Amino acid sequence: MQIPSPTTTTTIIITITTTIVLLTIFFTTTTTQPPPPPSFSDPHLFPHKTQYLKTDPSPPIISYLISGSKNDSGRIVRLLLAVYHPRNQYLLHLDQSASQKERDKLALYVQGVKVFWAAQNVNVVGKSDVVSSKGSSVVSAVLHGAAILLKVCEDWDWFVNLNANDYPLVTQDDLLHILSYMPKDLNFVNHTSYIGWKESRILKPVVVDPGLFLAEQSSPTSILSRKFVEYCILGTENLPRTLLMYLSNSLSSDSVYFPTVLCNSPQLNRTVVNHNLQYSAYETKHEPRLLHSDDFNDLINSGSAFASPFLPDDPILDRIDQELLNRGQGKPVAGGWCLGGESSDEACSVWGDADVLKPGPGAKRLEQRMVELLSNETFISHQCIFE
């Protein structure tokens with residue numbers, strides 16, 4: 001295998017130095033956190049003890065990193081409301097292409113939503129990261145966000161990285177209900193051990209880790225266990241000092257980085273479920289096309305929890321809100337924690353026990369998908385393979 005020349009322009013080499021950089025990120029983070037919650041009347045507080053029965057098994061907690069760029073604050077707000085649940089944790093990040101004014105406006109919005117104040121579970125990154133679609137900055141920003149979430153919350157089970165282009169296809173009650181039955185060390189990512197002849201020809205002059213696994217899809221959305229996130233951020237000897245990987249121009253670095261680390265870890269490579277629970281439609285192997293109204297039935301039939309990419313305020317998003325999420329405009333998706341009126345606009349005007357889930361049809365669709373993915377034949381045949 002030849003070493004690439006410095007003038008090679010058709011490749012992207014990402015160098016990740018883990019020990020000093022990630023520990024620095026973990027201990028030196030800046031967030032804009034909402035002020036303490038105001039004094040609401042009792043019906044508007046999340047009670048510590050209620051007469052409602054707890055779900056059994058206990059629902060997990062998901063930490064969401066929701067990222068965007070310039071002019072994406074509106075999309076981030078809409079996505080936040082679509083995936084909001086008082087059990088979860090949320091970190092919002094606008095990269096440095098966005099103005100400070102837009103970032104401040106997003107933080108002020110968070111401070112002005114009563115349910116966010118009461119649950120104290122939504123934060124905004126105050127000092128943003130530089131993010132480029134070509135290079136290691138994407139990985140760095142994701143790890144930075146995960147490190148902040150480890151600091152602001154003592155206990156959560158799964159980490160989900162979302163972009164402003166993404167949108168959910170199930171409610172959080174649906175997702176939490178299904179994940180409550182899953183082993184908490186499972187990691188849902190796309191990976192492949194096969195490299196086609198085109199990729200093989202391109203890879204020949206590039207130095208890579210021996211166990212590099214090229215992602216099948218470019219979408220970065222994954223559901224990662226807390227154990228794996230801590231492994232990536234806090235470990236000192238578990239990651240290679242320098243990770244060199246080839247990325248084609250249409251692949252995002254985090255969609256390759258996390259499967260690569262997982263599949264090269266003897267402790268974690270058997271925890272991989274080869275699906276990121278996101279639906280995407282592809283015109284070419286690595287380039288997803290925009291989703292539109294004609295894709296609606298395919299979105300439902302996929303059994304996925306998320307889908308991407310969407311245009312801002314595309315009509316299909318309104319249809320997802322109305323038919324799949326039952327979400328009112330400018331409102332969070334109603335769940336078992338909402339004790340208000342029957343309409344989607346009034347449902348969350350009064351809050352109850354955040355541990356109570358009311359899964360709907362989306363849970364059935366996601367359950368069927370999980371059964372397929374975790375069947376012995378599918379799960380074992382799609383594990384990381386070493387050749």
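Summary table below
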{"read-out": "Sequence-distant residues sharing a close amide H with ASN276 (under 5 Å, placed H)", "value": "ASN190"}
{"read-out": "Residues GLU377, GLU230, sorted so that the one with the fewest Cβ neighbours within 10 Å comes first", "value": "GLU377, GLU230"}
{"read-out": "Pairwise label distance in nanometres, VAL350 with ASN297, each label 7 Å out on the Cα-Cβ vector", "value": "4.2"}
{"read-out": "Cross-link table LYS105/LYS151; LYS105/LYS358; LYS151/LYS358; LYS127/LYS358, entries beyond 26 Å C-alpha to C-alpha", "value": "LYS105/LYS358; LYS151/LYS358; LYS127/LYS358"}
{"read-out": "Amide H contacts of SER225 (H built 1.01 Å from N, under 5 Å, at least 5 apart or other chain)", "value": "PHE159, PHE188"}
{"read-out": "Long-range HN-HN contacts of ASN163 with modeled amide H, under 5 Å", "value": "SER67"}
{"read-out": "Between segment 303-381 and segment 137-185, the alpha-carbon center distance in angstrom", "value": "15"}
{"read-out": "Where labels lie 7 Å past Cα in the beta-carbon direction, separation of LYS105 and GLU230 in nm", "value": "4.0"}
{"read-out": "Extension gain from ASN326 to GLU154, taking 0.36 nm per residue of separation minus the Cα-Cα distance", "value": "58.8 nm"}
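Any read-out appearing in this document is the output of simple, stated calculations on the displayed coordinates, not a laboratory observation. All values derive from a computational prediction rather than experimental measurement. So basically every Cβ, Gly included, is an ideal-geometry build from the backbone, and we count neighbours across all protein chains shown.
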